[in-house]
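Beneath this line is the structure, given in structure tokens, with notes to follow.
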Amino acid sequence: MIEARNLRKGFGPQPVLDGVSFRIENGESVAIIGHSGCGKSVLLKLLIGLLPPDAGEALIDGENIVPMNERQLLRVRRKFGMVFQGSALFDSMTVAENVAFGLRRHEHLTEAEIARSVAGALEMVDLPGTENKQSAELSGGMRKRVGLARAIIYEPQIVLYDEPTTGLDPIASDSIDQLM
């Protein structure tokens, strides 16, 4: 399902990834572990085409995404849900607007269908009834769960998590671990 072949990435004179290769089969769960600054987030961004590698190949379902243009990448990215390190919620939007963001951009659904999907995703992450809350009203754990709801709302084939429990207390971390 996902394959990295000799991926290399650096920023200026600083190499971050130097020949990373691995293969993840359909249905597998994989954790990438390493110290701060070792390139974990960079690797995830290479796998979804948010950053181009300096060398190597990133294959998703057998397709090398490295030479793809933005339109082609959008098609491949639809296979992914991404939970970003800091949740990456839009402060000016409600919980429902944040969760529905991807649906509104890429799906042709009615408002009622979107509302049902949002409610279902929030139910899955144990946040029913929070649709009208603002991001600033949420705890760190709630923000992470809203980010997860946004990532899973359109039922992606692959979900990537970038440090999903960083900065959370042990109880909130356990909750996120259970959801994953």
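The values are calculated or read from the model by the stated rules, or taken from the named source; none is laboratory data. Bear in mind that the values here come from a model prediction, so they are computed numbers and not experimental data. Using ideal geometry, Cβ is built from the backbone for each residue, glycine included, and neighbour counts are taken over all protein chains shown. For accessibility, only protein heavy atoms count, side chains too; no ligands or nucleic acids. Shrake-Rupley method; radii C 1.70, N 1.55, O 1.52, S 1.80 Å.
Checked against the criterion of being at positive phi and in contact with a helix residue (DSSP H, G or I) (Cβ under 8 Å, 6 or more places away or on another chain), the range 143-164 contains one or more residues that satisfy it. Of all residues assigned to the range 121-144, at least one qualifies as being modelled with pLDDT under 90 and within 18 Å of Lys40 (Cβ to Cβ).
Scoring Asp169 on the criteria (1) closer than 25 Å to Gly37 by Cβ; (2) surrounded by 14 or more Cβ atoms within 10 Å (Cβ to Cβ); (3) modelled with pLDDT under 90 leaves a single failure, condition (2). Taking the criterion of being surrounded by 19 or more Cβ atoms within 10 Å (Cβ to Cβ) and either of a type in the set (Lys, Arg) or under 25 Å from Glu25 (Cα atoms) (or both), the residues of the range 123-146 that qualify are Arg143, Lys144, Arg145.
Being within 18 Å of the chain's Cα centre (by Cα) and of a type outside the set (Gly, Ala, Ser): is that true of Thr166 here? Judged against the criteria, Thr166 is a match. Inside the range 151-166, residues that are closer than 18 Å to Val30 by Cα and either part of a helix (DSSP H, G or I) or open to solvent by 80 Å² or more (accessible area, probe 1.4 Å) (or both) make up a count of 3. Quickly run through the range 120-149 and pick out the residues that are in contact (Cβ under 8 Å) with a residue 12 or more places away in the chain and not in a helix (DSSP H, G or I). Val125, Asp126, Leu127, Thr130, Glu131, Asn132, Lys133, Gln134, Leu138, Ser139 - these are the residues of the range 120-149 that are in contact (Cβ under 8 Å) with a residue 12 or more places away in the chain and not in a helix (DSSP H, G or I).
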